[in-house]
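See below for the structure under consideration.
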């Protein structure tokens, strides 16, 4: 298995936002975490990536305990994330955004006197082409559309060559066309680049359209886990999503 | 003309004027020019932190003062020659920045700013009160540059070379992968952490580099002024680079230099006419902040961009009109 959490718990005061979560991400996966608002999905992501410290439990990535490591160390181990609200470098161009993360991965960020401008051009453009952002390489990131921003952040993450990519609501706020393109991009990354993606998502069409496995969270706990068809038929899940077509 | 080519011409013109200045200007003007150069370096080192890393320090005078005092003490107490004394001043400034910075970069935002101020005030009281070492509030007098630099024109060229080289180094640093990473952390600390960067470490490095260049500015000032006093370490001195940078334009590389030039010149001129020069400086700064939020250089760049954009639009419209005409 690629990643495993054991009894992972995070509380805010008396609210147990993540409550003893056991989750396994198998290799070659496109794994969705779903659940109603407040189910603890985002907190789970934050604890997983070291953004928030876990209260108890552990996170094992490729047989190594990464539970209390800081975000920058976890990112270098191969677990890289994108945020629900695209978090990019505003004043950089699209090119520079992706280049910054490749510079980091290749350990060049302590180079004090070289000119960054021309560095790692091919590596950066290759990622931009994968994302379909190559023609906007010189556009300032602050001027991008919402959908492009979210793709750009995936590009920043890809610059780190992660083994596990965590996407928090990758299609949130997107138009139907953008959503379809984003879902296709995720499938492409898994199929062509051997990437593993763990993502949270509200859009059930996306989830059941592309996910190979699904974990359902409710009030901080995992209530169901399995293949899309199994999850769809699960009675607990139907109760939680009462009235919604799954 | 592209903006980079235009700025290259500006740079060449500036270099020519700077090199020729002592040939046609009065000694008092050359004297002011030396001050401008020193303050420009001081303000630029500040802006490495401010615009470069998004860190506002209110205590940068500390490193300027440590540089000035280290050079002054070494030259007067043990008779060290000026060049090694300047080098030692930079090392000392870097070490002090390393120690203080170690604590400061643990904080962010306004807490960072306040802690830098606190450390600077601490240093100020040390310099002001230890009469045996630093002469207390009397400071240190009679700091003599080597004989060949006593003439104001010679000291000017010496300062020009030192500051010019430092500015070139700062330019390289800001455009290097390291500088990029600092900029990245300014735009988004969280995103930068999540591309594997230990942001604190980069901030500390920037803090030390800024401290080293500020100490060099201070070390250039001491033999030029022939004396140092505790006010060089004071919070008033710390406010100089902040005001100069804001006035000149923090978001541009040359902004602090423009700010230092305008600020220092105004000061020299105003002080000859009125004892209320602080009031005048305050008013000018107020106007600057209110009406030129990007600073002088930021304003000029924005305007030239707008003019260029307008010209482009006119040209495309003209082309569109002519192609329409030919279609008819």
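Table for the structure above
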{"quantity": "Computed [θ] at 222 nm, deg cm²/dmol, chain B (DSSP H ≥ 4; -39,500 (n - 2.57); rounded to nearest 500)", "calculated": "-27000 deg cm²/dmol"}
{"quantity": "Inter-probe distance in nm under a simple model that places probes 7 Å from Cα toward Cβ, at residue B:130 and residue B:31", "calculated": "3.2 nm"}
{"quantity": "Euclidean distance between Cα centres, the stretch A:3-54 to the stretch B:96-166, Å", "calculated": "50 Å"}
{"quantity": "Per residue, the convex hull volume that the Cα atoms of the stretch A:93-161 enclose (Å³)", "calculated": "78 Å³"}
{"quantity": "Highest-fluctuation residue, B:82, B:90, B:315 considered, GNM on chain B with Cα pairs under 10 Å", "calculated": "B:315"}
{"quantity": "Modelled FRET efficiency - R0 35 Å, residue B:151 with residue B:80, Cβ distances, 0.05 increments", "calculated": "0.95"}
{"quantity": "Distance between modelled label sites at residue A:235 and residue B:307, nm, 7 Å Cα→Cβ extension", "calculated": "7.9 nm"}
{"quantity": "FRET E, pair residue B:273, residue B:235, Förster distance 45 Å, beta-carbon r, rounded to 0.05", "calculated": "0.95"}
{"quantity": "Paired Rg and Dmax values of the protein assembly as shown, which use every Cα atom, in angstrom", "calculated": "28.9, 93"}
{"quantity": "Residue-averaged beta-carbon neighbours from other chains (10 angstrom radius) around A:156-162", "calculated": "2"}
{"quantity": "Helix-only mean residue ellipticity at 222 nm for chain A, each DSSP H run of n ≥ 4 adding -39500 (n - 2.57), per residue, nearest 500", "calculated": "-10500 deg cm²/dmol"}
{"quantity": "Neighbour-count order for B:104, B:62, fewest beta carbons within 10 angstrom listed first", "calculated": "B:104, B:62"}
{"quantity": "B:78, A:66, A:197 arranged by Cβ crowding within 10 Å, fewest neighbours leading", "calculated": "B:78, A:66, A:197"}
{"quantity": "Normalised contact order of chain A, rounded percent, pairs of Cα under 8 Å and 6 or more residues apart", "calculated": "27 percent"}
{"quantity": "Label-point separation, residue A:68 to residue B:225 (7 Å along Cα→Cβ), nm", "calculated": "4.9 nm"}
{"quantity": "The stretch B:197-249 versus the stretch A:67-97: alpha-carbon centroid distance in Å", "calculated": "32 Å"}
{"quantity": "Set of the stretch B:54-96 residues, backbone N closer than 19 Å to the point 7 Å along the Cα-Cβ line of residue B:142", "calculated": "B:69-82"}
{"quantity": "Normalised contact order of the stretch B:23-234, rounded percent, pairs of Cα under 8 Å and 6 or more residues apart", "calculated": "44 percent"}
{"quantity": "Paramagnetic reach from residue B:169 (point 7 Å along Cα→Cβ, amide N under 16 Å) across the stretch B:11-48", "calculated": "B:38-48"}
{"quantity": "Residues in the stretch B:1-33 that a label on residue B:314 would reach, taking backbone N under 20 Å of a point 7 Å out along Cα→Cβ", "calculated": "B:1-3, B:6"}
{"quantity": "Shielding by partners - mean other protein chain Cβ count within 10 Å, residues of A:90-102", "calculated": "3"}
{"quantity": "Residue of B:207, B:291, B:83 that the Gaussian network model of chain B assigns the largest fluctuation, springs spanning Cα pairs under 10 Å", "calculated": "B:291"}
{"quantity": "Shielding by other protein chains, B:170-177, mean Cβ within 10 Å", "calculated": "5"}
{"quantity": "Full-stretch length increase - residue A:1, residue A:181 - with 0.36 nm per residue and alpha-carbon distance subtracted", "calculated": "61.9 nm"}
{"quantity": "Antiparallel bridges, percent of DSSP beta bridges restricted to the protein assembly as shown (to nearest 5)", "calculated": "55 percent"}
{"quantity": "Reference-scaled alpha-carbon Rg (2.2 N^0.38 Å with N residues) for chain B", "calculated": "1.10"}
{"quantity": "Cα-based shape type of the stretch B:121-243, given that a ≥ b ≥ c are square roots of the gyration tensor eigenvalues and the cut on a/c is 1.5", "calculated": "oblate"}
{"quantity": "Burial ordering of B:283, A:14, A:42, fewest other beta-carbon atoms within 10 Å first", "calculated": "A:14, B:283, A:42"}
{"quantity": "Computed lengthening from residue B:106 to residue B:285, 0.36 nm per intervening residue step minus Cα-Cα distance", "calculated": "61.3 nm"}
{"quantity": "Between 0 and 90°, nearest 10: helix A:121-131 axis offset from chain A longest Cα axis", "calculated": "40 degrees"}
{"quantity": "Relative contact order (%) - criterion: Cα under 8 Å, at least six apart; region: the stretch B:125-230", "calculated": "43 percent"}
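Taken together, the values in this text are just the output of simple stated rules run on the coordinates, not laboratory data. From a predicted model like this one, the values you see are computed outputs, not experimental measurements. No Cβ is skipped: glycine too gets one built from the backbone with ideal geometry, and neighbour counts run over all protein chains shown.
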